[in-house]
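The block underneath contains the structure these notes are about, expressed in structure tokens.
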């Protein structure tokens, strides 16, 4: 799914959500009008919740796109490609919700597919992956493109339990690919969310006169 498809989905979502949000705006307008004993511009109140919501979400999307550009990872606006850097050389990615793959940034061909779990400890990156009839545990080569198979077994749990116990590593440091991907995106997303909340509060408090003229009759 490319950006055009995503825009179409957003447009449909906008239309579906607009009506109930508009009705909520009218209800709030009536409550405010009765409480403050003022006439309100109901048309403005009808559209205000929808515009507010999608302005907030749109800003979040723009920030995530910018984050993807500066980090060299995928942006939130692209739904057909997800990627996150493992280090300066390797990345974890998937296309069209297929299985996770590992590759280098300068080579489009996957180094290995069907990646299950990742352990990233700086220069040491270990991953488990499915093969035709079993699973392998492999270490990415830091100097040249490729990996070294450490062990193989019928399940990934057997591989990781053996590997982590032998090296005194906490098993919780091993992440599934989905969790690894969101682990490195969620901190930025949470910070962006908090920033946007304070930004919108500042805008509303800074321009109170403008909002009153927009929403209240004869202000």
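The values are calculated or read from the model by the stated rules, or taken from the named source; none is laboratory data. Please read these numbers as outputs of a predicted model, since none were measured by experiment. Positions of Cβ are backbone-derived with ideal geometry, glycine not excepted, and every protein chain shown enters the neighbour counts.
Residue 194 satisfies every condition listed in (1) under 27 Å from the mean Cα position of the chain (by Cα); (2) surrounded by 14 or more Cβ atoms within 10 Å (Cβ to Cβ) except (2). If you check residue 76 against the conditions, is it modelled with pLDDT of 85 or more, buried (at least 16 other Cβ atoms within 10 Å of the Cβ) and either under 15 Å from the mean Cα position of the chain (by Cα) or not assigned by TED's automatic domain parsing to the domain that holds residue 113 (or both)? Here the answer is no, as residue 76 does not meet what is asked.
Can you say whether residue 47 is modelled with pLDDT of 85 or more and out of contact with any strand residue (DSSP E or B) (no Cβ under 8 Å at 6 or more places or on another chain), as far as the supplied structure shows? Steps first, answer last, please.
Details: modelled with pLDDT of 85 or more: yes; out of contact with any strand residue (DSSP E or B) (no Cβ under 8 Å at 6 or more places or on another chain): yes.
Judged against the criteria, residue 47 is a match.
Would you tally the residues in the range 37-59 being within 13 Å of residue 10 (Cβ to Cβ) and crowded, with 16+ Cβ neighbours inside 10 Å? Matching residues across the range 37-59 total 2. Taking the listed residues 101, 121, the one that is loosely packed, with under 15 Cβ neighbours inside 10 Å, at pLDDT 80 or above and within 18 Å of residue 174 (Cα to Cα) is 121, with no other qualifying.
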